[in-house]
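The values are calculated or read from the model by the stated rules, or taken from the named source; none is laboratory data. Owing to the predicted nature of the structure, the values given are computational and were not obtained by experimental measurement. Here the Cβ positions follow ideal geometry from the backbone for every residue, glycine too, while neighbour counts run over all protein chains shown.
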Amino acid sequence: MPRLLAILLFVFLSAPIAAKEAAPAAADPVLEKRVMALAEELRCLVCQNQTLAESNAPLAEDLRNQVREKMREGKSDAEVVGFLVERYGDFVLYRPPLKATTLLLWFGPLLLLAVGFAVLLRRVRRRRQADDTGITDEDRRRAAELLAGSEPR
Amino acid sequence: MIPELGQLALALALCLALAQGLLGLVGAARGEPVWMAATRPAARGQFAFIAIAFACLTASFVSNDFTVGYVASNSNSALPLQYRVAGVWGGHEGSMLLWVLMLSVWTFGVTLFSRHLPQDMVARVLGVMGLVSVGFLLFILFTSNPFLRLFPAPPDGHDLNPLLQDPGMVMHPPMLYMGYVGFSIAFAFAVAALLSGRLDAAWARWSRPWTTAAWCFLTVGIALGSGWAYYELGWGGWWFWDPAENASFMPWLVGTALIHSLAVTEKRGAFRSWTVLLAILAFALSLLGTFLVRSGVLTSVHAFATDPTRGIFILALLALVIGGSLLLYVWRAPKIGLGGDFEPLSRESMLLANNVVFAAAAGSVLLGTLYPLALDASGLGKISVGPPYFDTVFVPLMTPALFLMGVGPLARWKKASLPDLASRLRWALAASVVAALTLPFAMGRWGALVALGLLLAVWVAASGFVQLYEKVRNAAGGVSAWTRLSSVPRATYGMLLAHFGVAVFVVGVTMVKAYETEKDVRMEPGDTVEVGGYTFRFDGVRDVTGPNYVAGRARITVNRNGSLVSTLYPEKRIYKVQNNVMTEAAIDTGFTRDLYVSLGDAVSDTAWVVRVYHKPFVDWIWGGCLLMALGGALAASDRRYRLAARRPQEQYVAAAVR
Amino acid sequence: MTMTRFAIPIAIFVALLLLLGIGLKLDPREVPSPLIGKPAPHFQLPELHQPAKTFSERDMLGKVWVLNVWASWCVSCREEHPVLLDLAANGEVPIYGLNYKDRREDGLAWLKGMGDPYKLSIFDFDGRVGIDYGVYGVPETYVIDKSGVIRYKRIGPLTPEIVKEKVLPLVRELGRA
C-alpha cells in the first residue's frame, strides 16, 4: 500500500509540467545515424570485442567524436576510415579490406562451395560407371545358401 | 573435507574411465565378452563419481566455502542461492567439470539404451567415450582443478560476474555442453564403426537418435545464448559472430549436415564415408571450440581466464583424439565402399548437395574466425574479421540450402524427375513469389533482401505443407483424416516441424533486420517519443535496491492509439561487489514485435538518455529455433528407434571389411 | 585421387594444429602500429610544467629520442616508472613524456611523487595527439630517429629486458646513422 501511494505521488508530482516530444539525444540526429552506421563497422581497440558504436571506453568515445567531427567537416566515409587506418592499421576495421592478403578470405567461401559442388558432381557421375556395391563372390555364396534355407557359415 | 572428497571422486572417476576405455576397446578387439560386459558398470561408476564431485563443488558454493579458490573467485555471500549454484559453471574450472559431467550423463544414457546393439559395438562406443573422458579428467586434475584451496581464505568472494546473474545465462552452458558433448556419441559410433569395419545402415540407425538429440540441445543452447545477449546487453543485438559464438555455430552446422547424412546412410546405405567424416568433424569442432575459448588464442567476450599450459593441453588432446580418428579414417575408409547407387537428380544427390552447402558454411565460419590468426602467424599483418564479413558471406551460402529444403524431401530416392517435382511444387513456388512481392509492402516498403528472405521462408513453409498434404493423401488408413495423419511417422512430423522452424527463423531475421526502428532521445519526466506507431512516455527514475545491487529504475508507459499497451521498467544497476554498471533493458514481448527500452545515462538531475526500439518479429528468431529443436526431439523419439530396442540383435549380410 | 582424398582431412587438420600451436605464442590483443617507418605525426602542445611554452616533434630533428605516453591514472605506468628513471639516468637518449588525458595538477603531483625521468612532458588534454600516434592503451613508448621517423613502438610497460635488448641497441644504431 505505501508503495502504491509512493508511486502515485511520484506520478502526480512528476506529471507533465511541460510534456513534450523528447528531443533526440544527439545534436544532429541525421549525422549521428551516419556516425553510428560507420562506428558499427569499426572495432573498439580497448574493449576489443565490441564495435566502436557500442563501447563505453573513453578512447571509443574520443574516436566517435573524431568520426563525428570529420563527417561534419564534410569528409566521406572512406576518408574517415582512412584516417583511422592510418593510425591504427587494418585491425580497426571489422570489414576486412580487400587486398592481396585477404583475397583468400573473401573468395574462400565461394571457392569452398564451388569445390564442394565440383567434387559432388564428379562423384555422382562416376557412380554411374562403377557398380561397386562391395558384394564379393563369398557374399553371393552365402546369400545363395541363406535363400536356399541352409544356415550361413 | 568436501572439496577433498570431490577431488578424490574425480580421481576415482579417472580410474574408472580408463578402465572403461581399455576394457571396451581392447575387449572388443580381442573378442573378450567379460571385458566388454564390464564396460557398462565401469561407465556407470564413472558417472556416479563425477556426479559426486559435481555435488561436492555445488555444496561448496551453496555453503559459501571461500577457502576453495574457485568459489572465492566466482561467488559471494550476498549472491542469491540460484546464482550460487549457477556459479559452479561460471568460471573455467567449474565449466570443465560440467563438461565432464555431461559426458558422463550421455555415457550413462548409452549404457541404458543400448541393449539392442551388438556387444562389441557397445563396448567400442563406451570405450571411445571413456578415453575422451580420461583426456578431460586429466585436463581437470592437472591444469584446472576446481577444488584447490586458497590460503589465507578471503572473508568474502569476488562475486559472480553480474552478466551471468541471470536465468538465461544459467541454462545456456548446460544446454550448450549437452550439445557439444552429445556429438561425442556420434563420434564414438563413427570410430567404433571404423574399428569394427561394420559401417552399414544399422550403424546409422543406432547412431541417429543420439546425434539428433545432441543437435537439439545445441540448438537450444545457442538460441538461449542469443536470446540472453538480446535482453541483457542493452543494444538489442542477438548475434555478433564473436569467436566463441562461431565456436558453437560450427559444430551446429556440421551437426545439421550429419543428421541429414545419417538419414541417407540409414535409408539407402549411401554416403557412409561422408557420414563418418562428418561425425568426426562435428566432435572435432566441439573440441576446437573448447580450445578457442580457453587458450587465449582469440579474443572473445566469452573467453575464460586463460593460461598457456591449458591451451597446450587441449591442443594435445585435440591432436590425439581427432588426429587419431582421422588416421583411422585414412586407414579404414577406403574399404567402406560406396553403398547404394543414385542418379544425379535424386533425394540422395540433393542431400549430398545440402551437405556440401553446410560444410562450406562451417568452413567459411572457420575461415573467418581463424584468418586473423593465420595472417598474424605468418607475419602478414593484423586484421579483424567481424559481422560485416560474416553477414556478407553467410546469406548467399545459406540460400541454396533453403532452396533445397523445399525440394529435397519431395524428391524420390535413387531417381527423381524434374518435371514431376516442378508440377508438385508449382503452388509453393507461386505462393513464395507472391509473398516476396507483396508482403514487404504490408510492413511499409519493399526491399530486395527482404523479398529474398520472405521468398525462401515461404518456399520452405509452403513446400512443407505440400509434403504433409501428399503424405496424408497417400497414407494408409482409409477415409478418416485423423487415422491418416497419425499413420505418418513421427520422424516425418519432426522433419516438417524442424524445417518449418527454419522458415520461421528466416522470417524473424529478415523482418527485424529490414524493419526495426530506434530512437535515441533525451527525456525529461513527462516527455514522449513515438517509435513504430507506439508512444512511449517517460515517467521518471527512482532508486531501488536489489539483493546485491542498487539501481535507478525508470518507468515508461507505452500507449498505442490512446490505449495503454504496457508499462516498462528499464534499470541501470550497480553491482556493489565489483562495482560493475549493468543496463537492464525492459522489453514488451509480442508475437509480431518487441518493444525494447534501454536506459542510458542521466544527463541532468531529471533528464535521462533513453533508447527505444521497435523490433518486428524478432521473437520469431528464437521461436524458430525452438521449433527446430522440437522437430528434432520428435524425430529422435520415432517408433522405429524404440521398436528396434525391443528386437534382438540383428545379423547382417552387408558389405563387411575383411 | 582415389586413396589420397581420404588423407585430405588429416592434412588440413595438421595444418590447423600448427596454426593453433603458433597462435598460443601470439597476443591477439596487440595492435601493431602502422606508423613504424613513417614520420612522427606533427603536434604542437603546451608543456606540462610550463603551460605558456609549447613543444613540437620538430624541435627534436637531428636527435634520436624516446617519447613515452603516460598518465597519473594509469596503473601499469607505476610498474614502468623505475625503468624510465634508470633509462634517464643512463643518459644515452633523452626521454620526453606525453601526459595523456590527464589533469594538470594530477600529472604534476604524480611526477613530483614518483620522480621525473622526462626532459619535459607535454600535456595532451583531450587525447587528440595520442590518437594521431595510434595510442590505445597507456603506457606506450616510441623511439624516433634523427629525421623524425618512428622506428619502434612498445605497447605496454617498458621492462629492463626490453630496454636492454631493443631500445638501447636501436638508439645506438640510429645515433650512428
Discussion item. Whether any residue in segment C:16-34 is of a type in the set (Asp, Glu), surrounded by fewer than 19 Cβ atoms within 10 Å (Cβ to Cβ) and within 12 Å of another protein chain (Cβ to nearest Cβ) is what I want to check.
Written reply: yes
Worksheet item: Which residue out of B:Gly323, B:Gly408, B:Gly311, B:Gly339 is more than 21 Å from the chain's Cα centre (by Cα) and at positive phi?
Response: B:Gly339
Practice prompt. Answer yes if at least one residue in segment B:328-335 is among the β-branched types (Val, Ile, Thr) and buried (at least 22 other Cβ atoms within 10 Å of the Cβ), and no otherwise.
Written response: no
Discussion item. Can you tell me how many residues within segment B:590-621 are over 30 Å from B:Val504 (Cβ atoms) and among the hydrophobic types (A, V, I, L, M, F, W, C)?
Written reply: 7
Item to complete: Starting from segment B:62-87, take each residue that is among the small types (Gly, Ala, Ser) and part of a loop (DSSP other than H, G, I, E, B) and list its partners that are surrounded by fewer than 19 Cβ atoms within 10 Å (Cβ to Cβ) and modelled with pLDDT under 90, counting only C-beta distances under 7 angstrom and pairs at least six apart or across chains.
Response: B:Ser77/B:Asp156; B:Ala78/B:Pro547
Worksheet item: Out of (1) within 14 Å of chain B (Cβ to nearest Cβ); (2) without any contact (Cβ under 8 Å) to a residue 24 or more places away in the chain; (3) not acidic (Asp, Glu), what's the single condition that is false for C:Lys53?
Response: (1)
Worksheet item: Which residue pairs have Cβ atoms closer than 9 Å, lie 6 or more positions apart in sequence or on different chains, and pair a first residue in segment A:21-50 that is free of Cβ contacts under 8 Å to residues at least 12 places away in the same chain with a second residue that is small (Gly, Ala, Ser)?
Response: A:Ala25/B:Gly600; A:Lys33/A:Ala26; A:Ala37/A:Ala53; A:Gln48/B:Ser384; A:Asn49/B:Ser300; A:Asn49/B:Ala303; A:Gln50/A:Ala57; A:Gln50/A:Ala60
Worksheet item: Within segment B:283-385, which helices (runs of 4 or more DSSP H) (wholly inside it) include 1 or more residues that are under 30 Å from B:Leu418 (Cα atoms) and either at pLDDT 95 or above or more than 14 Å from chain A (Cβ to nearest Cβ) (or both)?
Response: B:347-377
Worksheet item: Any idea how many residues of segment C:150-177 are closer than 28 Å to C:Ala52 by Cα and either in a loop (DSSP other than H, G, I, E, B) or modelled with pLDDT under 95 (or both)?
Response: 0
Worksheet item: Where residues in segment A:44-69 are within 13 Å of chain C (Cβ to nearest Cβ) and in contact with a Gly (Cβ under 9 Å, 6 or more places away or on another chain), which of them is surrounded by the most Cβ atoms within 10 Å (Cβ to Cβ)?
Response: A:Leu45
Worksheet item: In segment A:17-40, how many residues are at the interface with another protein chain (Cβ under 8 Å from one of its Cβ atoms) and surrounded by 19 or more Cβ atoms within 10 Å (Cβ to Cβ)?
Response: 2
Practice prompt. For B:Ser417, indicate whether it is small (Gly, Ala, Ser), surrounded by fewer than 18 Cβ atoms within 10 Å (Cβ to Cβ) and either touching a residue at least 60 places away in the same chain (Cβ under 8 Å) or more than 9 Å from chain A (Cβ to nearest Cβ) (or both).
Written response: yes
Item to complete: Could you tell me whether any residue of segment C:1-13 is more than 8 Å from chain B (Cβ to nearest Cβ) and either in a loop (DSSP other than H, G, I, E, B) or touching a helix residue (DSSP H, G or I) at 6+ places or on another chain (Cβ under 7 Å) (or both)?
Response: yes
Practice prompt. Just need a number here: residues in segment B:137-165 that are assigned to a loop (DSSP other than H, G, I, E, B) and either more than 28 Å from the chain's Cα centre (by Cα) or farther than 26 Å from B:Ile52 by Cβ (or both).
Written response: 14
Discussion item. Among the numbered criteria (1) farther than 30 Å from A:Leu93 by Cβ; (2) assigned to a helix (DSSP H, G or I); (3) more than 8 Å from chain A (Cβ to nearest Cβ), which one does B:Val395 miss?
Written reply: (1)
Item to complete: Would you confirm whether any residue within segment B:519-528 is within 10 Å of chain A (Cβ to nearest Cβ), under 26 Å from A:Arg34 (Cβ atoms), in contact (Cβ under 8 Å) with a residue 24 or more places away in the chain and β-branched (Val, Ile, Thr)?
Response: yes
Discussion item. Among the residues in segment B:537-544, are any in contact (Cβ under 8 Å) with a residue 24 or more places away in the chain and more than 14 Å from chain A (Cβ to nearest Cβ)?
Written reply: no
Response to the item:
Scanning segment A:70-118 for residues that are among the charged types (D, E, K, R) and within 8 Å of chain B (Cβ to nearest Cβ), the one surrounded by the fewest Cβ atoms within 10 Å (Cβ to Cβ) turns out to be A:Arg95
Item to complete: Of all residues in segment C:55-75, count the ones that are exposed (fewer than 14 other Cβ atoms within 10 Å of the Cβ) and not hydrophobic (A, V, I, L, M, F, W, C).
Response: 4
Worksheet item: Which residues, counting only those in segment B:233-250, are outside any loop (DSSP other than H, G, I, E, B) and away from every other protein chain (no Cβ under 13 Å)?
Response: B:Ser248, B:Phe249
Worksheet item: Pairs under 7 Å by beta carbon, first residue in contact (Cβ under 8 Å) with a residue 24 or more places away in the chain in segment C:13-32, partner not in a loop (DSSP other than H, G, I, E, B), six or more apart or different chains?
Response: C:Glu30/C:Ile155; C:Val31/A:Tyr88; C:Val31/A:Phe91
Worksheet item: For B:Thr567, all conditions in the list (1) within 21 Å of B:Phe591 (Cβ to Cβ); (2) out of contact with any Phe, Trp or Tyr (no Cβ under 6 Å at 6 or more places or on another chain); (3) away from chain A (no Cβ under 14 Å) hold save one; what is the number of the exception?
Response: (3)
Fill in: Test set (1) in contact with an Asp or Glu (Cβ under 9 Å, 6 or more places away or on another chain); (2) farther than 28 Å from C:Lys146 by Cβ; (3) not in a loop (DSSP other than H, G, I, E, B); (4) not polar (S, T, N, Q) - C:Pro28 fails condition number
(3)
Worksheet item: Can you pull out the residues in segment B:454-470 that are within 11 Å of B:Leu496 (Cα to Cα) and either in contact with an Asp or Glu (Cβ under 6 Å, 6 or more places away or on another chain) or of a type outside the set (Gly, Ala, Ser) (or both)?
Response: B:Val460, B:Phe465, B:Val466, B:Gln467, B:Leu468
